[in-house]
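The values are calculated or read from the model by the stated rules, or taken from the named source; none is laboratory data. This is a predicted model, so every value here is computed, not measured. Please note: Cβ atoms are built from the backbone with ideal geometry, for glycine as well, and neighbour counts cover all protein chains shown. Quick note on the areas: whole protein, heavy atoms, side chains included, nothing else; ligands and nucleic acids left out. Shrake-Rupley method; radii C 1.70, N 1.55, O 1.52, S 1.80 Å.
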Amino acid sequence: MATLSFNPVRIKTSTLKHSKLTTTPSKPITIPCTTPSNSHPKLLHFRTRSVSESTHQKEAPEAVLGEHEEEEDDDDDPTSELSYVDPETDPESITEWELDFCSRPILDVRGKKIWELVVCDKTLSLQYTKYFPNNVINSITLKDAIVAVSDQLGVPLPRNIRFFRSQMQTIITNACNELRIRPVPSKRCVSIILWLEERYETVYRKHPGFQEGSKPLLALDNPFPTELPDILYGERWAFVQLPYSGYTSLTLNNDLF
């Protein structure tokens with residue numbers, strides 16, 4: 001059993017007065033993933049600083065205790081947003097993103113559901129989240145947000161973007177086509193699905209606007225196929241002729257299934 005560990009660096013939301021980003025180290029969060037039994041366990045550790053932090057690392061003075069406590073509070077704030085790229089990863093190597101753009105079980109001050117954009121790559125070297133009000137949800141907003149991810153983190157636009165929500169296919173496809181990015185609808189968005197499961201427990205449930213009893217965040221649009229009932233299995237096949245009355249009766253019986 002191996003674990004995939006990532007350490008998000010949270011930034012303040014755009015509604016705060018200070019425009020300067022502040023970043024703090026946070027406790028590593030591990031996500032289990034299965035590996036072949038003959039492989040050795042391996043941990044992938046992510047650095048606890050963001051791009052913006054690395055540029056000011058040499059100038060940072062020794063922090064006092066009160067500042068550390070304030071930073072820890074910001075790191076645990078469920079309303080904060082995330083902007084992180086692993087400084088040891090070559091930005092040019094991140095050519096495929098996994099993306100989710102959907103409403104969350106969180107209400108804003110108007111009583112409307114908050115939407116969130118979540119972006120990562122398969123190794124979680126890139127992590128980005130941003131909240132949106134429900135009255136700006138369209139392909140133009142998503143296109144601008146994708147460009148903002150590239151600009152803020154200093155990574156090129158990806159060649160492919162994977163997504164698993166079929167109900168968002170139109171908006172995501174239109175946004176990707178505008179940027180000449182190939183949209184890839186796929187259920188194999190493992191990294192972002194695991195990350196969303198972790199965020200549900202550590203972020204959404206702690207948000208002051210969390211809505212109890214909401215629908216599952218990761219409910220599948222098309223459930224996995226199940227075994228066919230025995231009554232629908234045919235034991236043998238034959239070509240026969242039926243009168244019209246018999247055909248009508250057979251059709252009605254089949255409708256019951």
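Points worth noting:
- Checking the stated criteria, Val155 turns out not to satisfy the condition of being surrounded by 15 or more Cβ atoms within 10 Å (Cβ to Cβ), at negative phi, of a type in the set (A, V, I, L, M) and not in a loop (DSSP other than H, G, I, E, B).
- Scope segment 106-119; condition in a strand (DSSP E or B), over 19 Å from Ser83 (Cβ atoms) and open to solvent by 20 Å² or more (accessible area, probe 1.4 Å); matching residues: Leu107, Lys113
- Restricting Leu65, Leu117 to residues that are of a type in the set (A, V, I, L, M) and either within 22 Å of Asn134 (Cα to Cα) or at pLDDT 50 or above (or both) narrows the list to Leu117.
- Residue in segment 138-145 that is surrounded by fewer than 21 Cβ atoms within 10 Å (Cβ to Cβ), among the basic types (Lys, Arg) and without any contact (Cβ under 8 Å) to a residue 40 or more places away in the chain present: yes
- Filtered by the rule that a residue be over 14 Å from Trp97 (Cα atoms), of a type outside the set (Lys, Arg) and open to solvent by less than 20 Å² (accessible area, probe 1.4 Å), segment 158-174 gives a lone residue, Met168.
Listed here are the residues, each with its yes/no results for (1) touching a helix residue (DSSP H, G or I) at 6+ places or on another chain (Cβ under 8 Å); (2) of a type in the set (Lys, Arg).
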{"site": "Lys112", "(1), (2)": "yes, yes"}
{"site": "Val119", "(1), (2)": "yes, no"}
{"site": "Leu124", "(1), (2)": "yes, no"}
{"site": "Phe132", "(1), (2)": "yes, no"}
{"site": "Ile137", "(1), (2)": "yes, no"}
{"site": "Ile140", "(1), (2)": "yes, no"}
{"site": "Ala145", "(1), (2)": "no, no"}
{"site": "Gly154", "(1), (2)": "yes, no"}
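- For the residues Lys58, Lys122, the requirement of being in a loop (DSSP other than H, G, I, E, B), at pLDDT 50 or above, open to solvent by 70 Å² or more (accessible area, probe 1.4 Å) and on the phi < 0 side of the Ramachandran plot singles out Lys122.
- Residues in segment 86-105 that are in contact with a helix residue (DSSP H, G or I) (Cβ under 8 Å, 6 or more places away or on another chain), outside any strand (DSSP E or B) and buried (at least 16 other Cβ atoms within 10 Å of the Cβ): Pro91 only.
- Whichever residue in segment 217-243 is modelled with pLDDT of 70 or more and either in contact with a helix residue (DSSP H, G or I) (Cβ under 9 Å, 6 or more places away or on another chain) or outside any loop (DSSP other than H, G, I, E, B) (or both) and, among such residues, is nearest to Pro105 (Cα to Cα): Leu217
- Hits in segment 200-214 (condition: exposed (fewer than 13 other Cβ atoms within 10 Å of the Cβ) and farther than 14 Å from Asp77 by Cα): Glu212, Gly213
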